[in-house]
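K.L.:
Handing you this structure, nothing more for now.
Throughout, read-outs are computed from the coordinates displayed, never taken from laboratory work. Everything quoted here is computed from the prediction, not taken from an experiment. All Cβ positions, glycine included, derive from the backbone under ideal geometry; neighbour counts span all protein chains shown.
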Amino acid sequence: MKLVLLGAPGVGKGTQSARMVKEWGLTHISTGDILRQAVAHKTPLGVQAKAYMDAGELVPDFIVIGLVKSRISEVAGPGFILDGFPRNISQAEALDKELSDIGVTLDRAVSIDVDREMIVKRLTSRRACESCARITNMSEGDKCSACGGRLVQREDDNEQTVRNRLNVYDSSTAPLVGYFRDKGILTEIDGSKSVDEVWADIRMTLGR
Ligand SMILES: [Zn+2]
């Protein structure tokens, strides 16, 4: 199973992809992770990527796509989940072309959808432990139940930042839903339900 996972920040992609890894043995591919690894291992693409990062510039698509392609070609086992990439239609088209070169076709694009105000509520109620970095939410109070450290709201999770991130997502990534629908591989999942219900819906719609 070769999947692309789509959804705005805060819809629960991380939680659901962790289940796919655990239950189905899929390989989780995050562009952030492979970029960090390539830079750390000084691979040819990693060295190029670092030059852009050091200059404070975005790493260009051709480098990211090259890294994704090489990571996918290494995947052994039942398949992968692509998370956080592609982020726009031009990246999606370039990725399709590169993957067809190595005989890989995406099976499904799973889009997890949650109402905007519910996402804002979820993300702004998130809290992080200053000591152990555990993520929880404000219902836990202001003291970490794991280590006793102080729970704080991360800057990323304040309301204005959250709304800005969602606007960025809507303008660039949301059109991908239409792109994958046109290709006939889109699966839409209602992410407003509980974690277990969302997982059950994913399993049912993917026939697993
Ligand atoms: Zn803690």
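K.L.:
Give, as a single signed number, the net charge of other residues whose beta carbon lies under 12 Å from the beta carbon of residue 23, with Lys and Arg counted +1 and Asp and Glu -1.
P.N.:
+4
K.L.:
Further question on the same structure: Per residue Cα convex hull volume for the range 83-197, in cubic angstrom?
P.N.:
Cα-based convex hull of the range 83-197, divided per residue, equals 146 Å³.
K.L.:
Between residue 152 and residue 120, what FRET efficiency follows from the Cβ-Cβ distance if R0 is 22 Å, with the result rounded to 0.05?
P.N.:
Efficiency computed from Cβ-Cβ geometry: 0.75.
K.L.:
Please work out the C-alpha center-to-center distance from the range 37-68 to the range 173-208 and express it in whole Å.
P.N.:
Answer, in whole Å: 31.
K.L.:
If you project the alpha carbons of the range 155-208 onto the principal axes, what extent comes out on each, in Å, largest first?
P.N.:
Largest to smallest, the principal-axis extents are 39, 29, 12 Å.
K.L.:
Would you grab the residues whose amide H sits under 5 Å from the one on residue 137? Only those 5+ places off in sequence or on another chain, please, with H modelled 1.01 Å from N.
P.N.:
It is 127, by chain and number.
K.L.:
To continue, here is another question. Taking amide H positions as placed in the peptide plane 1.01 Å from N, state which residues far from residue 79 in sequence (5 or more) or on other chains have amide H under 5 Å from it.
P.N.:
Amide H neighbours of residue 79: 27.
K.L.:
Now a separate question. What are the ³J(HN,Hα) couplings of the range 57-66, residue after residue, when phi is run through the Karplus curve with 6.51, -1.76, 1.60 and θ = phi - 60°? Round to Hz, x for glycine and proline.
P.N.:
Running phi through 6.51 cos²θ - 1.76 cosθ + 1.60 with θ = phi - 60° gives 9, 5, 6, x, 3, 4, 6, 4, 5, x Hz.
K.L.:
Also, I was wondering about something else. Are there trypsin sites (Lys or Arg not before Pro) in the range 101-154 that DSSP puts in a loop and that have at most 14 other Cβ atoms within 10 Å, and which ones?
P.N.:
Loop-located and lightly packed - 154.
K.L.:
Return the FRET efficiency for the residue pair residue 134, residue 193: r is the Cβ-Cβ distance, R0 is 41 Å, and the value is rounded to the nearest 0.05.
P.N.:
Using R0 = 41 Å, I get an efficiency of 0.95.
K.L.:
What does the charge count near residue 179 come to, summing +1 for each Lys or Arg and -1 for each Asp or Glu among other residues with Cβ under 11 Å from its Cβ?
P.N.:
Every neighbour counted, the sum reads -1.
K.L.:
How charged is the neighbourhood of residue 161? Take every other residue with its Cβ under 10 Å from the Cβ of residue 161, and add Lys/Arg as +1 and Asp/Glu as -1.
P.N.:
Numbers: positive: 154, 163, 165; negative: 155, 156, 157, 159.
Once all neighbours under 10 Å are counted, the net charge is -1.
K.L.:
Only counting other Cβ atoms within 10 Å, I'd like 129, 147 sorted with the fewest neighbours first.
P.N.:
Starting with the residue having the fewest Cβ neighbours, the order is 147, 129.
K.L.:
Report, for the chain, the % of DSSP beta bridges that are antiparallel, rounded to 5.
P.N.:
Expressed as a percentage, antiparallel bridges in the chain total about 25.
K.L.:
Further question on the same structure: State the three equivalent ellipsoid semi-axes of the range 1-95, derived from the C-alpha gyration tensor as the square roots of 5 times its eigenvalues, in descending order and whole Å. Provide the component values of the computation, followed by the final result.
P.N.:
On the way: eigenvalues 110, 47, 31 Å².
After diagonalising the Cα gyration tensor, the semi-axes are 23, 15, 12 Å.
K.L.:
Still on this structure, please answer the following. Mind giving me the nanometre distance, one decimal, between the label points for residue 172 and residue 102, set 7 Å out from Cα along Cα→Cβ?
P.N.:
Placing both labels 7 Å beyond Cα along the Cβ direction yields 2.3 nm.
K.L.:
Then there's this: Starting from 0 in steps of 5 Å, tell me what percent of the Cα-Cα pairs of the chain lands in each bin.
P.N.:
1, 7, 13, 16, 18, 18, 14, 9, 4, 1, 0
K.L.:
Can you list the HN-Hα couplings for the range 175-182, worked out from phi with the Karplus curve (6.51, -1.76, 1.60; θ = phi - 60°), rounded to whole Hz and with x for Gly and Pro?
P.N.:
Couplings: x, 5, 4, x, 4, 6, 5, 4 Hz.
K.L.:
Over the Cα atoms of the range 1-44, what Rg and Dmax result, in angstrom?
P.N.:
Answer for the range 1-44, Rg first and Dmax second: 12.6, 35 Å.
K.L.:
When the Debye formula is applied to the Cα atoms of the range 85-135, each taken as the same point scatterer, what base-10 log of I(q)/I(0) results at q = 0.19, 0.22, 0.25, 0.31 Å⁻¹?
P.N.:
-0.78, -0.85, -0.95, -1.15
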